[in-house]
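Chemist: The structure follows.
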Amino acid sequence: MNKILPPIVPSGGPLAAAPALSNSRNDRPLTTLYQPPSRQEPRWLCSVRRVDARGRVIDKALLPALGWRPGMRLGGRLEGEVVVVSSFGDPELWITAAGDLRLPAVFRRKAGIRAFDRILLAADLKEGVLSMFGPAAVDAMIRRELQTAPLSEEGR
């Protein structure tokens, strides 16, 4: 026997569930309405990834968000302890066929990044630039932050 479902109308919140119209003991909703993404796109996407033994940084969300496709050659430069990667300068880095960022050994040594280091990746989507913070850069960043905002006596 076919039953006609009542219309699904959101009730105040961004997500509303349809009432279940079944005679079974499962009273969960039949569906959930889709919540559209924010109109304001984020400027930064961040991720922490490990550099593998071959110098690859594997991130399947962040690199495509920058528009970087397999085979693309990229330039990298050091700004203090931070590695900045984009389509500028000498193309010494590249995106592998699998979509990973490849950091050659010479470049890793120059940047102070070793195999199996965890690095913080920060992609500036508006500028198309990836900043990579190795362990030393993250340590320096935390030290600077703690010096400018010391803990109160209550927080110690």
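Chemist: State which residue pairs qualify: first residue touching a residue at least 24 places away in the same chain (Cβ under 8 Å) and inside the stretch 130-142, second residue open to solvent by less than 40 Å² (accessible area, probe 1.4 Å) and part of a helix (DSSP H, G or I) in any location, beta carbons under 7 Å apart, and separation of 6 or more residues or different chains.
Modeler: Gly134/Ala111
Chemist: Something else: Say we look at the stretch 104-128 and pick out the residues that are surrounded by 14 or more Cβ atoms within 10 Å (Cβ to Cβ) and out of contact with any Leu (no Cβ under 8 Å at 6 or more places or on another chain); which of these is farthest from Val57 (Cα to Cα)?
Modeler: My answer is Gly112.
Chemist: Oh, and also: Hey, could you check the stretch 41-58 for residues that are assigned to a strand (DSSP E or B) and farther than 19 Å from Phe116 by Cα and say which is least open to solvent (accessible area, probe 1.4 Å)?
Modeler: Going residue by residue through the stretch 41-58, those that are assigned to a strand (DSSP E or B) are 44-51, 56-57.
After this cut, where a residue has to be farther than 19 Å from Phe116 by Cα as well, the list is 44-45.
On the way: Trp44: 125, Leu45: 59 Å².
That would be Leu45.
Chemist: Let me ask another. What pairs come up if the first residue lies in the stretch 109-126 and is more than 14 Å from Glu81 (Cβ to Cβ) and in contact (Cβ under 8 Å) with a residue 60 or more places away in the chain, the second is open to solvent by 40 Å² or more (accessible area, probe 1.4 Å) and in a helix (DSSP H, G or I), and their beta carbons are under 7 Å apart, counting only those six or more places apart or on different chains?
Modeler: Within 7 Å, the pairs are Ala123/Ala65; Leu125/Ala65.
Chemist: Which is assigned to a helix (DSSP H, G or I), of a type in the set (Gly, Ala, Ser) and either open to solvent by 80 Å² or more (accessible area, probe 1.4 Å) or out of contact with any Leu (no Cβ under 8 Å at 6 or more places or on another chain) (or both), of Ala98, Ala140? If you could, list the steps in order and put the result at the bottom.
Modeler: On the way: Ala98 fails: assigned to a helix (DSSP H, G or I).
Result: Ala140 is the single residue among Ala98, Ala140 that is assigned to a helix (DSSP H, G or I), of a type in the set (Gly, Ala, Ser) and either open to solvent by 80 Å² or more (accessible area, probe 1.4 Å) or out of contact with any Leu (no Cβ under 8 Å at 6 or more places or on another chain) (or both).
The values are calculated or read from the model by the stated rules, or taken from the named source; none is laboratory data. These numbers were taken from a predicted model, which means no experiment stands behind them. Cβ coordinates were reconstructed from backbone atoms using ideal geometry, including for glycine residues, and neighbour counts include every protein chain displayed. Just the protein is used for accessible areas: all its heavy atoms, side chains included, with ligands, DNA and RNA removed. Shrake-Rupley method; radii C 1.70, N 1.55, O 1.52, S 1.80 Å.
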